[in-house]
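Asker: One structure, pasted below without further comment.
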Amino acid sequence: MPQKAHLLIVDDEANTLASLARAFRLAGHEATVCDNAAKGLELAKSQHFDLILSDVVMPGKDGLSLLEDLKSQGVTAPVVMMSGQAHIEMAVRATRLGALDFLEKPISTEKLLLTVENGLRLQRLEAENRQLRQRLAQVQRVAASETRVCILGETGTGKELAARTLHEGSPRASGPFITLNCAAVPAELIESELFGHEKGSFTGAAGRHIGKFEQAERGTIFLDEIGDMPLPMQAKLLRVLEEGEVERIGGDKPIAVDVRVLVATHRNLESQVREGKFRQDLFHRVYVFPLLLPPLRERREDIAALVEHFSRQVSAQNSWKAVPFTLEAMQAFQEYSWPGNVRELRNMVERVMLLATDGQVDLATVQLALPYMPAATSAGVPSSGSLADRVQSFEREVILAELKRNNYNVTNAAKILGLERSHLYKKAEQLGIDLSAIRKEQESSHY
């Protein structure tokens, strides 16, 4: 469902204010109304609105003057202008002054809601882009520093890739990038892996082993799943971070190391500290700049771009021709929850490209690759699109289903749906259902 938004409506006609406010509230939005431009400007400056809808022709200050004032005084909400006396020059001027759209009265509810939804979507995208640019600037600054970064995210969100990106953006980029998954190394071996050992220091130590910290000299070491590191090892890691020295098992002197440390975990380290599973002093050493990687299900708008990226990557690696994805296949990808996140998505892209027939990846291919992936075009309420689009799609599915249950008898279907027969014909025409063609097709199938 669309997110609830707070809208400001400025119009000198009371009936217009009432009808627009009612339409927006039925669509799940909050509407504030006022009957003149001066009050509209005052409200827009004192409150936050997601979108402003204003008439052009009003007593006193007109809507175009209001638009000009809104833009000059820093109000960032998108503005939609409307008028019952519209002409080309008026629309052109409104656009030049920064209006998102210009609607001619009388305005259909469908057109109004679609315009508002597009405006709200644009506003959200601009806000997200501002946040992303700010976040990117922060990440670039921290990459260029020696700051320790703790990368947070579920399995498969790309934590190692993020760590490698930080390394490549740092002054240490020409140095080594060494990784260790703390959850994958047995507790009795992790000290040797990190700090190394001397020959004969324990049973099986047939020769000297250089640990990860020494290997990462003048570069970066990435400790993945640090939340799974055993407590005794946490104490030893803390000493290294505090003193900048390691000591090999069986060694008799400390070795200075010049290494930047990045860590990652899918666990909640603060909860781990409270439960006594992670040292508080180590937490403060590694949790300097937290970097959160959200799961793929929370950024479905990125899926299409990621699919395109991975398909190009897979094609290049295997010397394959490009394989396009149909709209239905892409929608199925966007509706799936992706518990394995980006890693699972990448694997799935390669799998469906292997299974693709007729030179494309269609919905059948996707369902063959992952049988429990939902059919994107099945009946029901769509999970994307404007309110009007979703309602229309659902109405269409209901009418088609009822017609099928009644062997395409329009009279019976209309009766069950509580509609006049003529009303059903009109509604079907609005929804793109050709009842005449359906009836002819059914009649011809009986011969």
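Asker: Could you list, in sequence order, all residues of region 36-60 that are more than 19 Å from GLU13 (Cβ to Cβ), surrounded by 15 or more Cβ atoms within 10 Å (Cβ to Cβ) and in contact with a Cys (Cβ under 9 Å, 6 or more places away or on another chain)? Please lay out each step first, then the result.
Answerer: First, pick out the residues of region 36-60 that are more than 19 Å from GLU13 (Cβ to Cβ): 42, 44-51.
Then drop every residue that is not surrounded by 15 or more Cβ atoms within 10 Å (Cβ to Cβ), which leaves 44, 49-51.
None - no residue of region 36-60 is more than 19 Å from GLU13 (Cβ to Cβ), surrounded by 15 or more Cβ atoms within 10 Å (Cβ to Cβ) and in contact with a Cys (Cβ under 9 Å, 6 or more places away or on another chain), so the list stays empty.
Residue-by-condition table, conditions (1) part of a loop (DSSP other than H, G, I, E, B); (2) of a type outside the set (Phe, Trp, Tyr); (3) surrounded by fewer than 18 Cβ atoms within 10 Å (Cβ to Cβ):
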| site | (1), (2), (3) |
| --- | --- |
| ALA305 | no, yes, yes |
| HIS309 | no, yes, yes |
| ARG312 | no, yes, yes |
| ALA316 | no, yes, yes |
| TRP320 | yes, no, yes |
| PHE333 | no, no, no |
| ARG343 | no, yes, yes |
| VAL349 | no, yes, no |
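Asker: So, in region 218-231, how many residues would count as being under 17 Å from GLU275 (Cβ atoms) and either outside any loop (DSSP other than H, G, I, E, B) or open to solvent by less than 10 Å² (accessible area, probe 1.4 Å) (or both)?
Answerer: 5
Asker: Can you pull out the residues in region 1-35 that are assigned to a loop (DSSP other than H, G, I, E, B), at pLDDT below 90, open to solvent by 20 Å² or more (accessible area, probe 1.4 Å) and more than 12 Å from LEU51 (Cα to Cα)?
Answerer: MET1, PRO2, GLN3, GLY28
Here is a yes/no grid of residues against (1) of a type in the set (A, V, I, L, M, F, W, C); (2) assigned to a loop (DSSP other than H, G, I, E, B); (3) at pLDDT 75 or above; (4) over 17 Å from ILE433 (Cα atoms):
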| site | (1), (2), (3), (4) |
| --- | --- |
| ALA379 | yes, yes, no, no |
| ASP389 | no, no, no, no |
| ILE399 | yes, no, yes, no |
| LEU403 | yes, no, yes, no |
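Asker: Failed condition for GLY84, given (1) farther than 21 Å from SER108 by Cα; (2) over 34 Å from the mean Cα position of the chain (by Cα); (3) open to solvent by 20 Å² or more (accessible area, probe 1.4 Å), with all others met?
Answerer: (1)
Here's the yes/no breakdown for (1) touching a residue at least 24 places away in the same chain (Cβ under 8 Å); (2) assigned to a loop (DSSP other than H, G, I, E, B); (3) at positive phi:
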position	(1), (2), (3)
LEU161	no, no, no
LEU166	yes, no, no
GLY175	yes, yes, no
ILE178	yes, no, no
ALA183	yes, yes, no
PRO186	no, yes, no
GLY207	no, yes, no
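Asker: Continuing with the same structure: Could you count how many residues in region 188-201 are out of contact with any Lys or Arg (no Cβ under 8 Å at 6 or more places or on another chain) and part of a loop (DSSP other than H, G, I, E, B)?
Answerer: Adding up the residues that qualify gives 3.
Asker: Also, I was wondering about something else. Right, GLY84: modelled with pLDDT under 90 and small (Gly, Ala, Ser) or not? Steps first, please.
Answerer: Numbers: modelled with pLDDT under 90: yes; small (Gly, Ala, Ser): yes.
For GLY84, the condition - modelled with pLDDT under 90 and small (Gly, Ala, Ser) - is met.
Asker: So PHE278 fits all but one of (1) open to solvent by 20 Å² or more (accessible area, probe 1.4 Å); (2) outside any helix (DSSP H, G or I); what number is the exception?
Answerer: (1) is the only condition that PHE278 fails.
Asker: Moving on. For region 87-108, give me each residue that is open to solvent by less than 90 Å² (accessible area, probe 1.4 Å), outside any strand (DSSP E or B) and either within 18 Å of ARG22 (Cα to Cα) or in contact (Cβ under 8 Å) with a residue 12 or more places away in the chain (or both).
Answerer: MET90, ALA94, LEU97, GLY98, ALA99, LEU100, LYS105, ILE107, SER108
Asker: Could you list, ordered by first residue, the pairs with Cβ atoms under 6 Å in which the first is in region 339-353 and free of Cβ contacts under 8 Å to residues at least 40 places away in the same chain and the second is crowded, with 20+ Cβ neighbours inside 10 Å and not aliphatic (A, V, I, L, M), at least 6 apart or interchain?
Answerer: Pairs that qualify, where the first residue is free of Cβ contacts under 8 Å to residues at least 40 places away in the same chain and the partner is crowded, with 20+ Cβ neighbours inside 10 Å and not aliphatic (A, V, I, L, M), are VAL352/THR365.
Asker: Another one. Which residue pairs have Cβ atoms closer than 9 Å, lie 6 or more positions apart in sequence or on different chains, and pair a first residue in region 39-59 that is in a strand (DSSP E or B) with a second residue that is acidic (Asp, Glu) and surrounded by 12 or more Cβ atoms within 10 Å (Cβ to Cβ)?
Answerer: Close Cβ pairs satisfying both conditions: LEU53/ASP11; SER54/ASP11; ASP55/ASP11; ASP55/ASP12; ASP55/GLU13; ASP55/ASP62.
Asker: Let me ask something else. Answer yes or no as to whether GLN313 is under 20 Å from GLY158 (Cβ atoms) and of a type in the set (S, T, N, Q). Full working, then the answer.
Answerer: Values: under 20 Å from GLY158 (Cβ atoms): yes; of a type in the set (S, T, N, Q): yes.
Yes: the conditions hold for GLN313.
Asker: Quick check on this structure: which one of GLY156, GLY74, GLY63 is buried (at least 20 other Cβ atoms within 10 Å of the Cβ) and either of a type in the set (Phe, Trp, Tyr) or within 30 Å of ARG299 (Cβ to Cβ) (or both)?
Answerer: Of the residues listed, the single one that is buried (at least 20 other Cβ atoms within 10 Å of the Cβ) and either of a type in the set (Phe, Trp, Tyr) or within 30 Å of ARG299 (Cβ to Cβ) (or both) is GLY156.
Asker: For a quick check of your reading of the model, give me the residue pairs whose first member lies in region 109-123 and is more than 15 Å from MET82 (Cβ to Cβ), whose second is among the charged types (D, E, K, R), with beta-carbon atoms closer than 7 Å and at least 6 apart or on different chains.
Answerer: Cβ pairs passing all conditions: LEU120/ASP50; GLN123/ASP50.
The values are calculated or read from the model by the stated rules, or taken from the named source; none is laboratory data. If you're wondering where the values come from, they're calculated on a predicted model, not measured in any experiment. Positions of Cβ are generated from backbone atoms using ideal geometry, with glycine treated the same way; all protein chains shown enter the neighbour counts. The accessibility values were calculated without ligands, DNA or RNA, using every heavy atom of the protein model including side chains. Shrake-Rupley method; radii C 1.70, N 1.55, O 1.52, S 1.80 Å.
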